[in-house]
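Taking it in order: structure first as structure tokens, then the write-up.
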Amino acid sequence: MAEAKGLDLVEVSPNADPPVCRIMDFGKFMYEQQRKERKARKQQKTIEVKEIVIQPKTSDHHLQFKMRDARRWIGDGMKVRVRIRFRGREIAHADIGRVRLDKIQNELKDIAIVEQYPTMEGSTMMMVLAPAQESIKKKVQAEKDRGKEV
């Protein structure tokens, strides 16, 4: 039947009892599969992780610049990894680093949630912040509103 129609006989489910076959144009089927995969890859959103590195003795003024960058990145939908690097004897005062991370968390809690709470990894303490769903929805809505006005 497949030869009469000029199509291919394709085994769809070889493990079924009896095996299931379909009459189709196999080249066209493979082309459609590749198009679906390409479209899915194009629509897939990659989440970028930005990193801020500070020290326990970083000044508050410098920290404000870093948090402004973090706020912008989170607003753009990126995750932010905040790393406090302890050098030498500073590691004995890990509590100072935790206080710094708590301060950053409190300043950014309106737009970010803590995805990974502060942990020590060797001589660094690290925390990961992710965009809060409400802030993403607000940004998308604002972009839609701007599109309607233009």
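Couple of notes before you dig in:
- Residue check, residue 81 closer than 14 Å to residue 127 by Cβ, modelled with pLDDT of 90 or more and touching a Lys or Arg at 6+ places or on another chain (Cβ under 9 Å): yes
- Qualifying residue in the stretch 101-116 (condition: among the acidic types (Asp, Glu), closer than 17 Å to residue 47 by Cβ and not in a helix (DSSP H, G or I)): yes
- Taking the listed residues 60, 69, 76, the one that is over 20 Å from residue 114 (Cα atoms) and of a type in the set (D, E, K, R) is 60, with no other qualifying.
- Some residue of the stretch 57-65 being modelled with pLDDT of 90 or more, touching a Phe, Trp or Tyr at 6+ places or on another chain (Cβ under 9 Å) and under 17 Å from residue 105 (Cα atoms): no
- From the options 60, 8, 17, 25, residue that is among the acidic types (Asp, Glu), loosely packed, with under 10 Cβ neighbours inside 10 Å and outside the structural domain of residue 108 (by TED's automatic domain parsing): 17
The values are calculated or read from the model by the stated rules, or taken from the named source; none is laboratory data. This structure is a prediction, so every number in the text was calculated from the model and none was measured. Note that we place each Cβ from the backbone using ideal geometry, even for glycine, and neighbour counts take in every protein chain shown.
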